[in-house]
Amino acid sequence: MEERRMNSFDNPYRENPLDNPLGNPFSRQRPVAPPETIEAIKLWTRQILALSEDTALSVGQFGCSKPGCPRNMTTILVMSESAPTRKISIHKSITDVCESDVQEAVLDPRNAAP
């Protein structure tokens, strides 16, 4: 039988030691948000800002390393040929974002258009 060393991520009570509910912070793989959630965030953003279909939207989730900042942050990029790219940040994971979060983030002066 092959012997292996346990590391801090190993849990002998799990079938797969990498099935950590908090995720492996060193893993390059990130949980994928459901496509319908991303599409809903794009729709809310498009409606709230009255954007045309020519305006491209990108929604992503990133870790936040600032002190006092939640672990995950959702970022919405609004890209248009007629204006500089606008970044809208919401300090929640994609799966936790709702329409009112998008509304509040759009109105937040820290997310104002450049």
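The values are calculated or read from the model by the stated rules, or taken from the named source; none is laboratory data. Keep in mind the model is a prediction, meaning the values are calculated, not measured. Note: ideal-geometry Cβ built from the backbone for every residue, glycine included; neighbour counts use all protein chains shown.
Looking at the structure I just gave you, is Ala50 of a type outside the set (D, E, K, R), exposed (fewer than 10 other Cβ atoms within 10 Å of the Cβ), out of contact with any Cys (no Cβ under 6 Å at 6 or more places or on another chain) and at pLDDT 90 or above?
Working: of a type outside the set (D, E, K, R): yes; exposed (fewer than 10 other Cβ atoms within 10 Å of the Cβ): yes; out of contact with any Cys (no Cβ under 6 Å at 6 or more places or on another chain): yes; at pLDDT 90 or above: yes.
Yes.
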query = When both residues are 6+ apart or on different chains and their Cβ atoms are under 8 Å apart, which pairs have a first residue that lies in region 44-72 and is closer than 16 Å to Ser89 by Cβ, and a second that is small (Gly, Ala, Ser) and surrounded by fewer than 13 Cβ atoms within 10 Å (Cβ to Cβ)?
reply = Arg71/Gly63; Asn72/Gly63
key: Enumeration of residues in region 80-112 that are touching a strand residue (DSSP E or B) at 6+ places or on another chain (Cβ under 7 Å) and exposed (fewer than 13 other Cβ atoms within 10 Å of the Cβ)   = Thr85
task = Would you check if there is a residue in region 18-40 being hydroxyl-bearing (Ser, Thr, Tyr), at pLDDT below 80, assigned to a loop (DSSP other than H, G, I, E, B) and more than 15 Å from Ile88 (Cα to Cα)?
result = yes
ask   = From the set of residues in region 72-106 that are of a type outside the set (D, E, K, R) and in a loop (DSSP other than H, G, I, E, B), which is nearest to the chain's Cα centre (by Cα)?
value = Ser93
